[in-house]
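Notes follow once the structure below has been shown.
No value in this document is a laboratory result; all are computed from the given coordinates. Remember, predicted model here, so these are calculated numbers, not experimental data. Heads up, the Cβs are rebuilt from the backbone with ideal geometry, glycines too, and the neighbour counts pull from every protein chain shown.
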Amino acid sequence: MTGSPPRILDLRGVGCPLNYVKCRVALDRAAPGERIEMWLDHGEPEENVPRSCEEDGIPVLLVEDSAQGYVRVVVERSEGS
């Protein structure tokens, strides 16, 4: 990934679907091209949030396990999202 560093959105401990709602609010406030890095719990959040982003046309740039035990998901605000 290149460009400016993503804004961090710590959603550990936030259940579905509230974690995705918080993601959408952050994206709605972001400028086109801005990236947001979400920190999610394993299980439903790591499955549902990236899938919901893709279904809504939000580019998912990265999904990976962190060394600290959570899942990192990076999304980007596109012109249409």
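For the chain, compute the orientation-averaged projected area of the C-alpha convex hull (one quarter of its surface), in nm². Spell out each step's value before the answer.
Details: hull surface 19.3 nm².
Orientation-averaged projected area of the Cα hull: 4.8 nm².
Just the ratio, please: alpha-carbon radius of gyration of region 1-41 over 2.2 N^0.38 Å, N its number of residues.
Values: Rg = 10.7 Å, N = 41, 2.2 N^0.38 = 9.0 Å.
This ratio for region 1-41 stands at 1.18.
List every residue whose amide H lies under 5 Å from the amide H of Leu61, counting only residues 5 or more places away in sequence or on a different chain, with H placed 1.01 Å from N in the peptide plane.
Long-range HN contacts for Leu61: Val74, Val75, Glu76.
Going by average Cβ density within 10 Å per residue, which order do the peptides 8-16, 69-77 take, highest to lowest? Mind showing how you got there, number by number?
Numbers: 8-16: 15.3, 69-77: 19.3.
Ranked by mean Cβ neighbours within 10 Å, highest first: 69-77, 8-16.
Within the chain, what percent of beta bridges assigned by DSSP are antiparallel, to the nearest 5? Spell out each step's value before the answer.
Numbers: 11 of 15 bridges.
Roughly 75 percent of the beta bridges in the chain run antiparallel, per DSSP.
Please compute the contact order of region 7-76 in relative form: average sequence separation of alpha-carbon pairs under 8 Å and at least six residues apart, divided by the residue count, as a percent.
Relative contact order comes out at 35 percent.
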